[in-house]
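**Student:** Mind looking over this structure? Questions follow.
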Amino acid sequence: MMISDGVASVPGHTPQVCGWASFQGIKAHAAGYAVDNMGQVIWLYVGGPQQAVRSLWASLAGGGALEIDQTPVRFERETSYVRVETQMGMTRLYSTSLLHPQASLLFMQPGQDCFYVLSQTPETVPLRLFFRMLNKALALPLTLEWMDYLWKAGTQMNFAERTEKREGLAAPRERLITTLKAKACGGWRVLTDLTYWMLVVEFGLKQGMIR
């Protein structure tokens, strides 16, 4: 677990209470979160009494699951989350922000199955951040002019017809970019399979969508 002394940075414009984060009777306000389809934490922002906030963090770090909006959430195993704790103004309350390293351009590592893109709102897609993270994740020459096409292709392209004729190449079970379950932010998971991103680029070049 990595800990920063800096001020907590959250994807949303203004944190808003969207429920309780609880574990065995311990509660804190959940001001925002993003989780993947397995309920694993990508980003979590909670606030409340310092002891409660730290107890919830300890329960996650120890392999337990918190409950938010009647949904169990947990840490991805063997993952060094970024943790920032800060006092909330002149109060005795504290906030803790937890971030999956693959959701940070600074901390993400190439060679992983995916990375995550977070935004201020579900309607706002940070395309430049997405492009920089994809460029870091893939050993594939990409140009900034392809940014919009890569996002649209990743969220919309169906690989079934393009892969069925290629021996030994099975179509991915889902699109390359899928939406995370999130509150107070927008979030997407981006798969980093080089083979399929090469197909995206190949298709775009052949169709004249990129050059």
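**Student:** Only residues that are over 17 Å from the mean Cα position of the chain (by Cα) and either modelled with pLDDT of 90 or more or part of a strand (DSSP E or B) (or both): list them for the range 73-89, please. Full working, then the answer.
**Tutor:** Step one: list which residues in the range 73-89 are over 17 Å from the mean Cα position of the chain (by Cα), which gives 85-89.
Once the filter is applied, which keeps residues that are over 17 Å from the mean Cα position of the chain (by Cα) and either modelled with pLDDT of 90 or more or part of a strand (DSSP E or B) (or both), the range 73-89 yields 85, 86, 87.
**Student:** Sticking with this structure for a sec: Output the residues belonging to the range 179-211 that are touching a residue at least 60 places away in the same chain (Cβ under 8 Å), part of a strand (DSSP E or B) and not aromatic (Phe, Trp, Tyr).
**Tutor:** Listed by number, the residues that qualify are 181, 182, 183, 186, 187, 189, 190, 191.
**Student:** Of all residues in the range 77-87, which are surrounded by 15 or more Cβ atoms within 10 Å (Cβ to Cβ) and either touching an Asp or Glu at 6+ places or on another chain (Cβ under 6 Å) or under 19 Å from residue 190 (Cα atoms) (or both)? Give the derivation first.
**Tutor:** Within the range 77-87, the subset surrounded by 15 or more Cβ atoms within 10 Å (Cβ to Cβ) is 81-86.
Hit for the range 77-87 is 81, nothing else.
**Student:** Next up: Quick test for you: out of 128, 92, 166, 173, pick the one residue that is modelled with pLDDT under 90 and either within 27 Å of residue 208 (Cβ to Cβ) or touching a Gly at 6+ places or on another chain (Cβ under 7 Å) (or both). Let's see the steps before the verdict.
**Tutor:** Details: 128 fails: modelled with pLDDT under 90; 92 fails: either within 27 Å of residue 208 (Cβ to Cβ) or touching a Gly at 6+ places or on another chain (Cβ under 7 Å) (or both); 173 fails: either within 27 Å of residue 208 (Cβ to Cβ) or touching a Gly at 6+ places or on another chain (Cβ under 7 Å) (or both).
Just a single option satisfies the conditions, and that option is 166.
**Student:** Can you tell me which residue is modelled with the lowest pLDDT among those in the range 6-36 that are farther than 24 Å from residue 77 by Cβ and among the β-branched types (Val, Ile, Thr)?
**Tutor:** Among those residues, the one meeting the criterion is 7.
**Student:** Another question about this same structure. Report, by residue number, each residue of the range 45-72 that is assigned to a helix (DSSP H, G or I) and within 24 Å of residue 109 (Cα to Cα).
**Tutor:** Of the residues in the range 45-72, the ones assigned to a helix (DSSP H, G or I) are 50-61.
Within the range 45-72, 57, 60, 61 qualify.
**Student:** What's the total number of residues in the range 111-139 that are part of a loop (DSSP other than H, G, I, E, B) and over 15 Å from the mean Cα position of the chain (by Cα)? Explain how you work it out, then say what you get.
**Tutor:** Quick first cut of the range 111-139, residues part of a loop (DSSP other than H, G, I, E, B) only: 111-113, 120-126, 138-139.
Checking which are over 15 Å from the mean Cα position of the chain (by Cα) leaves us with 111, 123, 138-139.
Total satisfying the criteria: 4.
**Student:** Working carefully through the options 56, 66, 118, find the one that is buried (at least 20 other Cβ atoms within 10 Å of the Cβ) and in the same structural domain as residue 136 (by TED's automatic domain parsing). Working first, answer last.
**Tutor:** On the way: 56 fails: in the same structural domain as residue 136 (by TED's automatic domain parsing); 66 fails: in the same structural domain as residue 136 (by TED's automatic domain parsing).
Just a single option satisfies the conditions, and that option is 118.
**Student:** Of all residues in the range 141-158, how many are exposed (fewer than 13 other Cβ atoms within 10 Å of the Cβ) and either farther than 23 Å from residue 181 by Cα or touching a strand residue (DSSP E or B) at 6+ places or on another chain (Cβ under 8 Å) (or both)?
**Tutor:** Here is the first cut: in the range 141-158, the ones exposed (fewer than 13 other Cβ atoms within 10 Å of the Cβ) are 141, 143-145, 156, 158.
Then keep just the ones that are either farther than 23 Å from residue 181 by Cα or touching a strand residue (DSSP E or B) at 6+ places or on another chain (Cβ under 8 Å) (or both); that gives 141, 143-145.
So the answer is 4.
**Student:** Given the criterion among the basic types (Lys, Arg) and surrounded by 13 or more Cβ atoms within 10 Å (Cβ to Cβ), identify the matching residue among 92, 128, 74.
**Tutor:** Numbers: 92 fails: surrounded by 13 or more Cβ atoms within 10 Å (Cβ to Cβ); 128 fails: surrounded by 13 or more Cβ atoms within 10 Å (Cβ to Cβ).
When all the criteria are applied, what remains is 74.
**Student:** Quick check on the range 101-109. Is at least one of its residues of a type in the set (Ser, Thr, Tyr) and modelled with pLDDT under 95?
**Tutor:** Taking the range 101-109 first, the residues of a type in the set (Ser, Thr, Tyr) are 104.
With modelled with pLDDT under 95 added as a condition, the list becomes none.
The answer is no; no qualifying residue exists.
**Student:** Would you mind telling me which numbered condition in (1) over 18 Å from residue 182 (Cα atoms); (2) at pLDDT below 95; (3) under 21 Å from the mean Cα position of the chain (by Cα) residue 39 fails?
**Tutor:** Of (1) over 18 Å from residue 182 (Cα atoms); (2) at pLDDT below 95; (3) under 21 Å from the mean Cα position of the chain (by Cα), only one is false for residue 39: (1).
The values are calculated or read from the model by the stated rules, or taken from the named source; none is laboratory data. All values derive from a computational prediction rather than experimental measurement. All Cβ positions, glycine included, derive from the backbone under ideal geometry; neighbour counts span all protein chains shown.
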